[in-house]
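Working notes for the structure below.
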Amino acid sequence: MIRVFASFDEFERAALKIRGVKNLRELLGLDINFVEAYPSFNLINLKDAFPETGNEKDINHIILLSKKVNLFYSARSFPKRDLGLYRPIVKKGVGESTALCLVVLREVLENYSLFFEKQREKYSVAEQVLDYEGLNDISRGMRALEDKLSDFLRILLEIEDKKVSRVDTALVNYDYDILRAKTRLMLDRTGIIMSQINASKREIELRSTNTLNKNVEFLSKMMMILTLVGVVLAVPNDLGAYFGIPAISDITPVPWIIFWVWFPSIVAALVAYVYWRKLQKEQREIHSLMRFRQPLNFLKKLSSDLRGALKKALKE
């Protein structure tokens with residue numbers, strides 16, 4: 001008999017009637033997928049990648065298989081209609097528990113697939129706008145998904161190796177092979193996306209380093225100009241300090257002294273200002289070109305996808 005629970009308290013009360021069952025509430029705090037075989041029952045704990053109910057706590061799927069009753073707890077709706085697909089095997093020994101286990105495993109893998117597609121869409125946007133923090137968030141999500149998929153695949157292999165006595169994969173051999181193949185495929189795709197994210201992050205870091213180097217070069221040139229201005233200003237000041245303004249005024253009229261003190265300073269300041277404006281203009285052109293290329297690349301990709309879809313539609 002299969003009993004499905006949406007309330008954990010009800011599930012716990014029913015489960016505690018089975019000999020050897022205890023401390024089930026601790027499973028809610030575990031963030032791993034695992035399977036355990038006990039003398040009187042088998043326990044499978046599965047975690048969603050994201051809560052489909054909207055509640056962060058609703059990610060648990062707990063299967064408890066025993067000889068008399070098979071219990072299943074999940075906060076989201078259970079597709080009972082899928083069990084009807086395996087009606088011919090339900091009456092065969094452990095067929096009922098095998099069908100329940102397979103349906104639940106497929107539902108959890110579907111949740112992983114939805115999460116993967118969401119993360120992939122976020123990655124496409126973050127890559128276009130060069131959002132480093134966004135890529136970090138996506139990377140953390142994909143890393144967590146990769147861990148869950150690895151544990152999920154390990155559970156599939158352990159079930160196939162007869163570690164779970166209440167499940168016989170030979171009864172659903174074809175469906176089980178497809179489930180295992182899909183899991184391996186998604187694990188491989190997750191690894192590929194992770195590699196692409198790391199490559200995008202390295203590209204952003206390289207661009208940031210290049211921008212930093214250009215800024216350092218700009219500051220170095222400005223310091224050189226300021227040093228030159230200081231040297232120019234130091235000459236008349238040193239002469240005035242050494243000989244004294246009255247002594248110099250006996251040789252050159254005071255207006256000329258004032259002129260030669262201020263003229264080099266003004267010229268040097270103008271040169272520095274013109275050079276600074278030129279560098280600012282070049283940097284603005286570089287940044288505007290980068291901002292222009294990002295949406296341009298996105299439009300090119302979108303145009304290519306639309307052409308491909310149109311060609312496919314015309315062929316059909």
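The values are calculated or read from the model by the stated rules, or taken from the named source; none is laboratory data. Quick caveat: nothing in here was measured; it's all calculated off a predicted structure. Every residue, glycine as well, gets a Cβ built from its backbone with ideal geometry; the counts of neighbours run over all protein chains shown.
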**Fill in**
Per the list (1) crowded, with 19+ Cβ neighbours inside 10 Å; (2) touching a Lys or Arg at 6+ places or on another chain (Cβ under 9 Å), residue check on MET194 breaks on (1)
**Prompt:** All but one of (1) surrounded by 14 or more Cβ atoms within 10 Å (Cβ to Cβ); (2) farther than 29 Å from LYS278 by Cβ; (3) at pLDDT below 70 hold for SER165; which doesn't?
**Reply:** (3)
**Message:** Considering only residues that are under 17 Å from ILE2 (Cα atoms) and among the β-branched types (Val, Ile, Thr), which ones fall in region 95-135?
**Reply:** THR98, VAL103, VAL104
**Asked** Out of (1) more than 32 Å from the chain's Cα centre (by Cα); (2) surrounded by 22 or more Cβ atoms within 10 Å (Cβ to Cβ), the odd one out for GLY84 is which?
**Response** (2)
**Request:** Look through TYR132, TYR112, TYR174 and report the one residue that is touching a residue at least 12 places away in the same chain (Cβ under 8 Å), farther than 23 Å from ASP31 by Cβ and hydroxyl-bearing (Ser, Thr, Tyr).
**Result:** TYR132
**Unmet requirement for PHE78, which otherwise passes all of (1) in contact with a strand residue (DSSP E or B) (Cβ under 8 Å, 6 or more places away or on another chain); (2) free of Cβ contacts under 8 Å to residues at least 24 places away in the same chain** = (2)
**Request:** Could you please let me know if ILE32 is of a type in the set (A, V, I, L, M) and more than 32 Å from the chain's Cα centre (by Cα)?
**Result:** no
**Asked** Is at least one residue of region 126-148 of a type in the set (Lys, Arg), surrounded by 14 or more Cβ atoms within 10 Å (Cβ to Cβ) and under 28 Å from ILE62 (Cβ atoms)?
**Response** yes
**Request:** State whether one or more residues within region 14-30 are in contact with a helix residue (DSSP H, G or I) (Cβ under 8 Å, 6 or more places away or on another chain), closer than 25 Å to PHE116 by Cβ and surrounded by 19 or more Cβ atoms within 10 Å (Cβ to Cβ).
**Result:** no
**Request:** Collect the residues in region 205-228 that are surrounded by fewer than 13 Cβ atoms within 10 Å (Cβ to Cβ), over 28 Å from the mean Cα position of the chain (by Cα) and charged (D, E, K, R), keeping them in residue-number order.
**Result:** GLU217
